[in-house]
Structures are given as C-alpha cells and as structure tokens.
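Input: a single structure, listed below in structure tokens.
The values are calculated or read from the model by the stated rules, or taken from the named source; none is laboratory data. No experiment lies behind these values; they were computed from the predicted model shown. Glycine gets a Cβ as well: all are built from the backbone with ideal geometry, and neighbour counts include every protein chain shown. Calculation scope for accessible area: heavy atoms of the full protein, side chains included, ligands and nucleic acids excluded. Shrake-Rupley method; radii C 1.70, N 1.55, O 1.52, S 1.80 Å.
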Amino acid sequence: MVEALVELLELRLEGEGLVGGRIIAPPRLAMKPGLYLLAHCLSIAETLPTPLFPSMINDDEILLAPPLPAAWLPGAELSIRGPLGKGFHLPATTRRIALAALDTHPYRILPLLAPALAAGLEIALFTPLIPPGLPPEVEVLSLNSLPDAPAWADYMALDVPWAVLPQLRSRLGVAHDRPLGCQAEALVMAPMPCGGLADCGVCALKTRQGWKFTCKDGPVFDIESLDI
Amino acid sequence: MRLDLDLSTPWMNAAGAAGFTPPERWLWPEPAGAWVTNPLSLSPRSPAENRNVISFPGGALLHSGLPNPGLSAVLRRNAAAWARSPLPAWVHIFGRTPEEIHQIVLRLEGVEGVAAFELGISEELAGKDALAWVEAASGELPLVVNLSMERAAEDWLDDLSRLGASAICLRGPRGALAGADGRLVSGRLYGQALLPQVFAALRQAQRHHLPVIVGAGVYKFEDGKMLLNAGAWGIQLDMVLWL
C-alpha cells in the first residue's frame, strides 16, 4: 500500500455531466481494476476520505471515475492511500466478457477494457449511460438485454450499488436458487469511510461465508458468494 | 485493589476508530498513550439494517449498529496482539444488562495487555439504571465511563467516583439525517463542527470531580491542545484517523 500526495491535474467532464479527474500515479502504486484509493483534499476541512476508483489505468497516470467531491478543484493537493480492497479477477480462459453497470455509470468497470482488448476478447457493455470515446470493439447494449448476458459471456463484471443488490439476480434473469451460468463478479458500491482501518461496520455485506467488509474483503465479490 | 488509570501521553483513538487491534497507522503529531478497542459485546452483534454514513458540512453521521463478533471471537483473534502491543489496551464494552457487563469484565480482567475498561452508556440509560451498569463494570481495572457529551451535566454522574470510576469520556451526540433514499437515519455525529459543544461539555463534566477525556470534535492538533489547556485529561481521535 502506498500513501502519497498527488496533484489533481484536471477535472474531466464525462457523460451526463459527471465529473472525473486525472492524477499522476505515484511510484509503486499498483492500481488494478476494482481496487480503490481513499483520498482527501489537503486544502479543505473534510471529515471523511473519498473513495476513488480508476476509470483508466495507464503506466504513469490514472483517470479517476466520477463523481468527485464538488469542492475539489484542478491543482488541488490530494492525500491518497491505497490501492485498497480486492478487485476483479479476469480469468485467463475468458473469450467473451460482459460488463454491466446497474443503475449507475460504467466508469468503475472501464479499466477492464484494456486487458480485455489486449486479450482479443469479445466485449459487451450493458449500461444506462454510454461513455464517450469507447473503442469500436465494444458492443454497447441496453440493460434490458442483461438477462441474455450470462448465457453469452464466460465472465461478467458488474458495478452494483448496494441498494440494488437484492434485485441483482432477478435483473440478471436468474432465479434465487439457480447458478448464474458464468463466472461473475460485482463491484459493490457501499460507503467505505474507514478503508479497513477500523472495521467500522458501515460497509458490512452479508455473504454465504458470513459478514464481510466491502472496504477490505471487497469491493469486488464473486456474485455466487453473496447472500442475496 | 484497583489499579490506577495511567497515560504516557493524552492522545488515543476513540472506540470504533481503530478496530480490535492496536492501530498500525497513527498520523498525529504526538504519539498515542493508549488505544481503545471497537465496542465489544458479550455475544456477536450483526450490523444495523440501515447502516450508513452521511456527510454534512463540518461532520458526518455514522450508523453501524456496533457490529462485533462477540467477546469469545474477539479474544481468540486478537488477544495475542493485545499482549504484544507496547500500548495499553482500553477495552470498550457495552451490554444489554449489568450481568452481561459483569461477565465481560470477569473474562477480560486477566487478559494480558488490557489496562482499562471503557463502559459505553447508551442513550436510554440514566440515573440509578446507568449506575447499575457502572457498578457491574467495576473491578480490578480502571473504569472510564463513556457517554454522549450532551449528558455531561446529568446529576447521576456525581456518583461515579463513589462507584470507583476513574474518568468520564465524552463522545459525540446522536443525530438524524436523510439518506440517499430520503429516509431518516439516526446515528452518532462526528467532526469538527462539534468542537464548540465539546468545550461546553468539558466544562460541565469537570463538575463531577473526575478526569475528563474528550472523545469528539478534534481534527486539529491545536484544537486538542486547547482542550487539554482547558482541563481535558485525554483526547480521543475518531474519523480524523481515517484521513
């Protein structure tokens, strides 16, 4: 884990008025899809750190998925800690990958595009919001088509607000007691104020192995492990 | 014979801010004199159904339901770390009955590294009822009575020293805010916005003739020093340790 000061180099207006950002990755920051940073702005009296997810990971820079705190301005000095948690595990045998953002934007799952494109995978993105500048290899589909995804894909990566979790299986068209049909992981968006420092319990998630902390046992979980 | 409450420095974490193991990360200008465990109950407790954290200008409301794996599991997983820690552990305990509190105290008194108990007094308890909890927690180790700062003037606190309590710790008050779905969430308040109330509560609590630990509102070292100059015996840090 790295603790460092970084400059918020720019704010980026993404689709639908969402604002992301860009930072230079500090040395040894091994950012991976689904992992996150906790950050706070040194020039503002903030009570809680903000979780920052990448929307694109390059060698030396990270694009930050929206939203960012409205008070953060370009040039702001951020104190960051991370990467934290457990991220996505794209299986080496995958041929077809389905990405899906349920009732949220897809930026947090976009870092999977680079390894998927590099591996020559077929890629389908199920989203209510189309990010600008997607590679032509990505087929964009409506969430109405999501129940088709488990039969098509070898691997699914989803972004799911925790309030939507109880509906997840029905949104995928899978009965509660039936297997999904493909390997699937969900990035569960829950409040994660302590980032694993305190086991504060706010982000607790019920799984088949008992209560887990989204901040350190997730935020990415195997969907079959979730008690939903 | 009861041991004395002792601190090498006045700084420590607040219950719930560092987990069940001594904090490895301590970004504060002066070292800690003790560390306080997460709230611990006799039996396991699940998280609250409507757990949440909601920010507001100058602070945040946190509602977790005080989830914890219960005394036996906490000891099994953490007792070795407590024994190894150079910092004394204050175990924050709470319970549904005085009997539960007494059982926890009996189990923990001989555990290496445990230097004191911090008894969490719930909002519903006051007067003779609260004193029964304090009596149940009284044993060989020093006892800190932890309660919301808005209760600092309550008369029953005058009896704490008679029952052997070593100090009073003032935590943040409760409040309520609407979550993203519009439903009200009740929980504990944290943050710098509490600081003016903390100073007022400190003055009220000092009338009970016990050392007073301030456990809310301190985000800046200078603010903590001012509270110490105003007579606080110790300062507990909460969400600032997560930044």
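How would you classify chain B from its alpha-carbon gyration tensor, with a ≥ b ≥ c the square roots of the eigenvalues: rounded for a/c under 1.5, else prolate if a/b is greater than b/c, otherwise oblate? Rounded, since a/c falls under 1.5. For A:T93 and A:S225, the difference between the fully extended length at 0.36 nm per residue and the C-alpha to C-alpha distance is 45.4 nm. Which residues, if any, in the range B:197-243 lose at least 50 square angstrom of accessible heavy-atom surface (probe 1.4 Å) when the other protein chains sit next to their chain rather than the chain being alone? So the qualifying set is B:W242, B:L243. Step through the table entries A:K32/A:K212; A:K32/B:K220; A:K32/A:K206, compare each Cα-Cα distance with 23 Å, and write down the pairs that go over it. Beyond 23 Å: A:K32/B:K220; A:K32/A:K206. About its Cα centre, chain B has a charge dipole of approximately 480 debye under the convention of +1 per Lys or Arg Cβ and -1 per Asp or Glu Cβ, with nothing else charged. When the charge dipole of chain A is built from unit charges on Cβ atoms (+1 for Lys and Arg, -1 for Asp and Glu) and taken about the Cα centre, the candidate among A:M31, A:L205, A:H105 whose Cα reaches farthest toward its positive end is A:L205. Amide H contacts of B:S148 (H built 1.01 Å from N, in plane; Pro and chain starts excluded): B:R171 sit under 5 Å, all sequence-distant by 5 or more or on other chains. Taking the protein heavy atoms of the range A:96-225 in the context of the full set of protein chains, the accessible area attributed to carbon and sulfur is 52 percent at 1.4 Å. Protein heavy-atom accessible surface, 1.4 Å probe, per residue over the range A:71-214: 41 Å². Can you tell which of B:V134, B:P31, B:A81 lies farthest toward the positive end of the dipole of the range B:9-155, using +1 and -1 charges on the Cβ of basic and acidic side chains (Lys, Arg; Asp, Glu)? Going by the Cα projections, it comes out as B:A81.
Taking Cβ atoms as reference points and 11 Å as the exclusive limit, the residues near A:H89 contribute a net charge of 0, counting Lys and Arg as +1 and Asp and Glu as -1.
Taken about its Cα centre, the protein assembly as shown carries a charge dipole of roughly 420 debye when the Cβ of each Lys and Arg holds +1 and the Cβ of each Asp and Glu holds -1.
Just the protein heavy atoms count here, and of the accessible area of the range A:2-84 at 1.4 Å, carbon and sulfur take up 55 percent.
Each of B:V240, B:S161, B:S41 was scored by the projection of its Cα onto the charge dipole of chain B, and the greatest displacement toward the positive side belongs to B:V240; charges sit on the C-beta of Lys, Arg, Asp and Glu. The GluC sites (Glu not before Pro) found in the range A:91-160 that occupy coil by DSSP, while having at most 14 further C-beta atoms within 10 Å, are A:E137.
Remark: accessible area buried at the A-B interface is about 1900 Å², both chains counted, probe radius 1.4 Å.
Measuring between their Cα centroids, the range B:4-75 and the range A:42-114 lie 28 Å from each other. Could you compute the net charge surrounding A:A184? Neighbours are other residues with a C-beta less than 11 Å from the C-beta of A:A184; K and R count +1, D and E count -1. Net local charge, A:A184 excluded: -3.
For the range B:11-241, what % of the accessible area comes from carbon and sulfur atoms, probe 1.4 Å? After summing per-atom areas, the C and S share lands at 52 percent.
Would you please classify the overall shape of the range B:42-174 from the alpha carbon gyration tensor, given that a ≥ b ≥ c denote the square roots of the eigenvalues, rounded means a/c under 1.5, and beyond that prolate means a/b larger than b/c while oblate covers the rest? Oblate is the answer for the range B:42-174, as a/c is 1.5 or above yet b/c matches or exceeds a/b.
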